[in-house]
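Engineer: Before I ask anything, here is the structure I am working with.
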Amino acid sequence: FLDMYETLRDLIPAVEQSDSDLIDEIKLAQTRLGEAAVTIIGELENSIKSDNGRTPVPSGAVHPLTRYTMNYLKYACEYKDTLDQVFQHYEKAQSDQTGTKPEPEPKRNQREDDDEYKTSAFARQMIKVMELLDANLEIKSRLYRDPSLRSIFLMNNGRYILQKIKGSTEIRDLMGQSWTRKRSTELRQYHKSYQRETWGKVLQTMNQEGLQVNGKVSKPVLKERFKIFNAMFDEIHKTQSTWIVSDEQMQSELRVSISALVIPAYRSFFGRYKQHLDSGKQTDKYVKYQPEDIESFIDDLFDGNPTSMARKRN
């Protein structure tokens, strides 16, 4: 019906010299179509607000609400000029009724290179929808008991939103560079949060502090450190190989960052302290992984497919 709105809008100049009753009817029909468009966007907002399911999406994947909303907005933005006109008329009608002016767009969302953007009615509406989606996703992230999976969920959805915006010239122009940079910063924060929650304690097991007693390496303490590392790494691999990061670039970035964090630390710890364990069965009992094994198992993470370590090691 936005096509009909555009047709009527373009028809008015051609019939301005005609019967005034006809012009009034055309304008009335155009207004009704505009109101219908506003109502539909309002229904999208309500659908986001009312999506309060208590079951988390398995494996931290992109939520269906995110896909639905972004695909909806991508389609709507094909009519962004028309919708901007519709919402300008709507805001004017609202302000005429209440005697107030429409609130200006929040400064943090304004494009720095486009003064017109500051008064774009549809851009303000887009930002409102995105903020509703963000708030809903934040609530949904709390359904995950594991803080690391919570970060993966927010990363997956944030990345999906960002890629949709970057892939659509219309949405990108509406949202602006400042908004896009802010989203990228949030993704990096989720990434850091994931690393801290998952790998911080793993790195602590390789801390040199407490390993020496009276100037000598304590074998019981060293054995316990290797045991703890093995148990923690086993659990992470078992759990996070079932998690999903569907964006291949982000999946690769996560694995690379984990490898850069963990492998040098383990290689150093392994090389420095393995010699303090008796050779033979004792070493095999406590030193479960070679440094190259760690990298191989990190490459299993976020595939959504649990991998048997025992089967892989055979």
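Engineer: Strictly over 30 Å apart at the Cα level, which of Lys192/Lys216; Lys216/Lys288; Lys128/Lys166; Lys164/Lys192; Lys140/Lys201; Lys201/Lys288 would you flag in this model? Write out the running numbers ahead of the final one.
Structural biologist: On the way: Lys192/Lys216 36 Å; Lys216/Lys288 23 Å; Lys128/Lys166 19 Å; Lys164/Lys192 23 Å; Lys140/Lys201 26 Å; Lys201/Lys288 18 Å.
The answer is Lys192/Lys216.
Engineer: What dipole magnitude, in Debye to the nearest 20, does the range 205-313 give about its Cα centre under +1 on Lys/Arg Cβ and -1 on Asp/Glu Cβ?
Structural biologist: Working: 16 positive and 15 negative charges, 168 e Å.
About 800 debye.
Engineer: What is the distance in Å between the Cα centres of the range 119-180 and the range 242-257?
Structural biologist: 19
Engineer: Taking the Cα centre of the range 214-269 as origin and charging only Cβ (+1 Lys, Arg; -1 Asp, Glu), how large is the dipole, in debye to the nearest 20?
Structural biologist: Working: 8 positive and 6 negative charges, 123 e Å.
Using Cβ point charges on Lys, Arg, Asp and Glu, the range 214-269 gives about 600 debye.
Engineer: Looking at the range 182-261, which GluC sites (Glu not before Pro) are in a loop (DSSP not H, G, I, E or B) and have at most 15 other Cβ atoms within 10 Å? Don't jump to the answer; show the numbers that get you there.
Structural biologist: Values: sites: Glu186, Glu197, Glu209, Glu224, Glu235, Glu248, Glu253; in loops: Glu209.
Filter output for the range 182-261: Glu209.
Engineer: Same structure, new question: Do any trypsin sites (Lys or Arg not before Pro) in the range 140-226 lie in a loop, going by DSSP, with at most 15 other beta-carbon atoms within 10 Å of their beta carbon, and if so which?
Structural biologist: Numbers: sites: Lys140, Arg142, Arg145, Arg150, Arg159, Lys164, Lys166, Arg172, Arg181, Lys182, Arg183, Arg188, Lys192, Arg196, Lys201, Lys216, Lys223, Arg225; in loops: Arg142, Arg145.
In loop regions of the range 140-226 (DSSP not H, G, I, E or B), the sparsely surrounded trypsin sites (Lys or Arg not before Pro) are Arg142, Arg145.
Read the figures in this text as sums done on the coordinates, not as results from a lab. The shown structure was predicted, so the numbers you read here are calculated from the model rather than taken from an experiment. A quick note on method: Cβ atoms are made from the backbone with ideal geometry, for glycine too, and the neighbour counts reach across all protein chains shown.
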